[in-house]
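The values are calculated or read from the model by the stated rules, or taken from the named source; none is laboratory data. Because the structure is predicted, anything quoted here is derived from the model rather than measured. Positions of Cβ are backbone-derived with ideal geometry, glycine not excepted, and every protein chain shown enters the neighbour counts. Accessible surface is based on the protein model in full, side chains and every heavy atom, while ligands, DNA and RNA are left aside. Shrake-Rupley method; radii C 1.70, N 1.55, O 1.52, S 1.80 Å.
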Amino acid sequence: MVRGQIPRLFPAKDKTILGKARILSLGSDITLLTSGICTEESQRVTELLKDRGIGVQHLHVTTLKPFDDHRVSEALAKARYGIITMENHTSLGSCVAEMIAKFGIATKLIKVAINDPYLQGASRTFLMERYGIDIKSLLRAIESLLGEKVDITEADLTTSRLDSFFNENQQEAL
């Protein structure tokens, strides 16, 4: 995927703070932790869930070292149905699993992530669907935690919440 062809998640003036997650939504049914390109993908479903009475505490995790933000451990502890991590690798899910063990949090964890296959090059949309890190994969994980289908259709999922951002300096040579 070309790195520059992803949406800008936050205004340029909002600086990343090492070791601090950004709280994107509040709720107590599911705790959702995302990173990278999966954050925008997941934001498309959190408002739809809220409209259906499902509260999602959504945190965007930018840095994994240090991984000791008290807001993360508090969000993990209050998840009624469980925790979902969503990322385009596997590090965040591992960090969250360690935090769950460290604090003795008794809840279910579902990791929506790339599982370790040989990858191929293609469009962002194709790759995210192919490797199970798209919005439909997140929705299946949410339904698994809730133990029921959520009334969200394909049409509900087609809109993007953010404007695209592209900077020639960020494009990597393919």
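In whole Å, largest first, what are the principal axis extents of the Cα atoms in the range 1-116?
On the principal axes, the range 1-116 reaches 39, 34, 31 Å in Cα extent.
Tell me the carbon and sulfur percent of the accessible area for the range 1-127, rounded to whole percent, probe radius 1.4 Å. Don't skip to the answer; put the middle values down first.
Working: 3520 of 6650 Å².
Carbon and sulfur: 53 percent of the exposed surface of the range 1-127.
Pick out, from Ser73, Asn88, Ser35, the residue whose Cα sits farthest towards the positive end of the charge dipole of the range 30-91, with +1 on the Cβ of Lys and Arg and -1 on the Cβ of Asp and Glu.
Looking along the dipole axis, the top candidate is Ser73.
Students sometimes get this wrong: rank His60, His70, His89 by accessible area, probe 1.4 Å, all chains present, largest first.
From most exposed to least exposed: His70, His89, His60.
Enter the accessible area per residue of the range 61-149 (Å², integer; probe 1.4 Å; all protein chains in place).
56 Å²
Which entries in the list Lys50/Lys111; Lys102/Lys136; Lys15/Lys50 go over 23 Å, if you measure between the two C-alpha atoms of each?
Values: Lys50/Lys111 21 Å; Lys102/Lys136 31 Å; Lys15/Lys50 28 Å.
Violating the 23 Å Cα-Cα cut-off are Lys102/Lys136; Lys15/Lys50.
Within 10 Å of each candidate Cβ there may be at most 10 other Cβ atoms; applying that plus a DSSP loop requirement, which GluC sites (Glu not before Pro) in the range 86-148 survive? Write out the running numbers ahead of the final one.
Numbers: sites: Glu87, Glu98, Glu129, Glu143, Glu148; in loops: Glu87, Glu148.
Here the sparse-neighbourhood loop sites are Glu148.
Can you list the trypsin sites (Lys or Arg not before Pro) in the range 23-64 that are in a DSSP coil and have 12 or fewer other beta carbons within 10 angstrom?
Numbers: sites: Arg44, Lys50, Arg52; in loops: Arg52.
Taking the range 23-64 and a limit of 12 other Cβ atoms within 10 Å, the loop trypsin sites (Lys or Arg not before Pro) found are Arg52.
May I ask for the distance between the Cα centers of the range 38-75 and the range 103-156, given as a whole number of Å?
14 Å
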